[in-house]
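Novice: Quick one: the structure is below, and I'll ask about it shortly.
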Amino acid sequence: MAQQRLGFWQRFAVALVVPTMTLWSKRSWHGMDKIPPGGVILVPNHVSHFDPLVVAHYVYKAGRWPRFLGKASLWRVPIIGPLLRKTRQVPVERGSVEAVKSLEALAEALREGGVVVVYPEGTTTRHPDLWPMRGKTGAARLALLTGAPVVPVANWGAQDVFDPRTNKFKFTRAAVTVTTGDPVDLSRWAGAEPSRAVLEAMTEKIMLDIRDLLGTIRDGEPPALYDRPARRATTAEDAS
């Protein structure tokens, strides 16, 4: 698929990420044609701190430029922070009023026809076997605000490069699988007010679709969505 025209900093990021991913991953990619044209919200599962690079590489090779919602603390990291700003990624101070500004920035990107990537879990999964947790409501809120389709993305294998259960990096070339599913059917909530009940119901549907899609690329029956350990609402890894 033809790639959209990129600016200098986007091309610079590509020059960093693509060789890195070629070195550290043996790729099995499916379902790129299911990423619809125009504004779309991609919702991946989160098995590793390495998988945003996996997903970014996948979306780029599908001919689109991804804009990720990420922890604002990353924007304060030398080198990484400036690059995130230059490539128009979107920081969020989770659990704060600044999250509203982040939502507005993502909504504008969708109106411009962009690809927005939101991890509904808000952090790497805490499930012992890396199945998805229950999600936060940001993706659902964004879908209600914009009407953009929500499309699940399942990825598996990034944990063999960096495993969140051990926090250990492995210098190995891992087999990484990514697949895109059909848009989540959220039609029953079209035009609904964003009440807590509505957002939670939408998020449950989104997470179940992600879980079931992940089940197609893993051995074994997907378990129930994992109930995340209790966390304070103001921590950096909480999402609105």
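Novice: Counting just the residues of the range 19-32 that are part of a helix (DSSP H, G or I) and within 18 Å of the chain's Cα centre (by Cα), which one comes out farthest from L145 (Cα to Cα)?
Specialist: Residues of the range 19-32 that are part of a helix (DSSP H, G or I), as a first pass: 19-24, 32.
Subsequent filtering for residues that are within 18 Å of the chain's Cα centre (by Cα) retains 21, 32.
Details: M21: 34, M32: 25 Å.
Step by step, filter the range 19-32, then rank; the result is M21.
Novice: Output the residue which, of all residues in the range 1-52 that are among the charged types (D, E, K, R) and surrounded by fewer than 15 Cβ atoms within 10 Å (Cβ to Cβ), is nearest to D160 (Cα to Cα). Spell out how you get there, then give the answer.
Specialist: Taking the range 1-52 first, the residues among the charged types (D, E, K, R) are 5, 11, 26-27, 33-34, 51.
Still in the list and also surrounded by fewer than 15 Cβ atoms within 10 Å (Cβ to Cβ): 5, 11, 26, 33.
On the way: R5: 33, R11: 27, K26: 11, D33: 27 Å.
Among those that are among the charged types (D, E, K, R) and surrounded by fewer than 15 Cβ atoms within 10 Å (Cβ to Cβ), it is K26.
Novice: I'm trying to understand the selection: among the residues of the range 191-226, which are assigned to a loop (DSSP other than H, G, I, E, B) and either touching a Gly at 6+ places or on another chain (Cβ under 8 Å) or not small (G, A, S) (or both)? Lay out the reasoning, then the answer.
Specialist: Within the range 191-226, the subset assigned to a loop (DSSP other than H, G, I, E, B) is 191-195, 216-225.
Result: E193, P194, T216, I217, R218, D219, E221, P222, P223, L225.
Novice: Exactly one condition in (1) at pLDDT below 95; (2) surrounded by fewer than 23 Cβ atoms within 10 Å (Cβ to Cβ) is false for R94; which is it?
Specialist: Status for R94: all satisfied but (2).
Novice: Answer yes or no: is there a residue in the range 141-162 that is modelled with pLDDT under 95, touching a Pro at 6+ places or on another chain (Cβ under 9 Å), surrounded by 14 or more Cβ atoms within 10 Å (Cβ to Cβ) and more than 19 Å from R218 (Cα to Cα).
Specialist: Checking the range 141-162: not a single residue is modelled with pLDDT under 95, touching a Pro at 6+ places or on another chain (Cβ under 9 Å), surrounded by 14 or more Cβ atoms within 10 Å (Cβ to Cβ) and more than 19 Å from R218 (Cα to Cα).
Novice: Then there is this: For the range 166-211, name all the residues that are free of Cβ contacts under 8 Å to residues at least 12 places away in the same chain, more than 18 Å from A143 (Cα to Cα) and of a type outside the set (K, R).
Specialist: Hits for the range 166-211 are T166, N167, F169, F171.
Novice: So which pairs qualify, if the first residue must be in the range 124-136 and outside any loop (DSSP other than H, G, I, E, B), the second must be hydroxyl-bearing (S, T, Y), the Cβ gap must be under 6 Å, and the two must be at least 6 apart or on different chains?
Specialist: Sorted first by the residue in the range 124-136, then by its partner, the pairs are M133/T125; M133/Y226.
Novice: Here's something else I'd like to know. Of the conditions (1) basic (K, R); (2) in a helix (DSSP H, G or I); (3) within 19 Å of V184 (Cα to Cα), K101 fails just one. Which one is it?
Specialist: If we test K101 against (1) basic (K, R); (2) in a helix (DSSP H, G or I); (3) within 19 Å of V184 (Cα to Cα), just (3) comes out false.
Novice: Return the total of residues in the range 1-38 being in contact with an Asp or Glu (Cβ under 7 Å, 6 or more places away or on another chain) and either closer than 16 Å to R88 by Cβ or at pLDDT below 95 (or both). Explain how you work it out, then say what you get.
Specialist: The initial filter retains those residues of the range 1-38 that are in contact with an Asp or Glu (Cβ under 7 Å, 6 or more places away or on another chain), namely 34.
Narrowing the set further to residues that are either closer than 16 Å to R88 by Cβ or at pLDDT below 95 (or both) leaves none.
The number of residues fulfilling the criteria is 0.
The values are calculated or read from the model by the stated rules, or taken from the named source; none is laboratory data. As the structure is a computational prediction, the values presented were derived from the model and not from experiment. No Cβ is skipped: glycine too gets one built from the backbone with ideal geometry, and neighbour counts run over all protein chains shown.
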